[in-house]
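Read-outs: derived from the displayed coordinates by stated rules, not from any lab. The structure displayed is predicted, hence computed values, not measured ones. In this analysis, Cβ positions are derived from the backbone assuming ideal geometry, glycine residues included, and neighbour counts consider all displayed protein chains.
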Amino acid sequence: QVPVEVPGDRGTALALRWLVQFSRSRAGRSMASKLANELMDAANETGNAIRRREETHRMAEANKAFAHYRY
């Protein structure tokens, strides 16, 4: 994959999508409490959404050699 910079609006959309996605997969009683816990984990830089962000950054760093193929 060719790494490209993510525009601001898309970055926000991805972050919100990941927060909701990982909130749904959490064990808990209500969606409100699961989302609140995921937001607290994101604020503390832990949790699945932050892990996904770090994984995406690592993939971009690994593919940095292919950045010049972007036209």
**Report entry** Of (1) 6.3; (2) 5.4; (3) 4.9, the label for mean projected area of the Cα convex hull in nm² derived from the coordinates
**Finding:** (2)
Report summary line: Per the rule of 0.36 nm per residue minus the C-alpha distance, extending Ala62 to Leu16 adds in nm 14.1 nm
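Helix-derived [θ] at 222 nm for the chain: sum -39500 (n - 2.57) over DSSP H runs of at least 4, divide by residue count, nearest 500?
On the way: 3 runs with 45 residues, N = 71.
My calculation for the chain gives -20500 deg cm²/dmol from helical runs alone.
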Query raised in the report: With Cβ to Cβ distances under 11 Å as the rule, what net charge do the other residues near Arg26 carry (K, R +1; D, E -1)?
Result: +1
**Report entry** Relative contact order for the chain, counting Cα pairs under 8 Å that sit 6 or more residues apart, in percent
**Finding:** 46
Report summary line: Measuring from its Cα centre, region 8-69 shows a charge dipole (+1 at each Lys and Arg Cβ, -1 at each Asp and Glu Cβ) which, in debye to the nearest 20, is 240
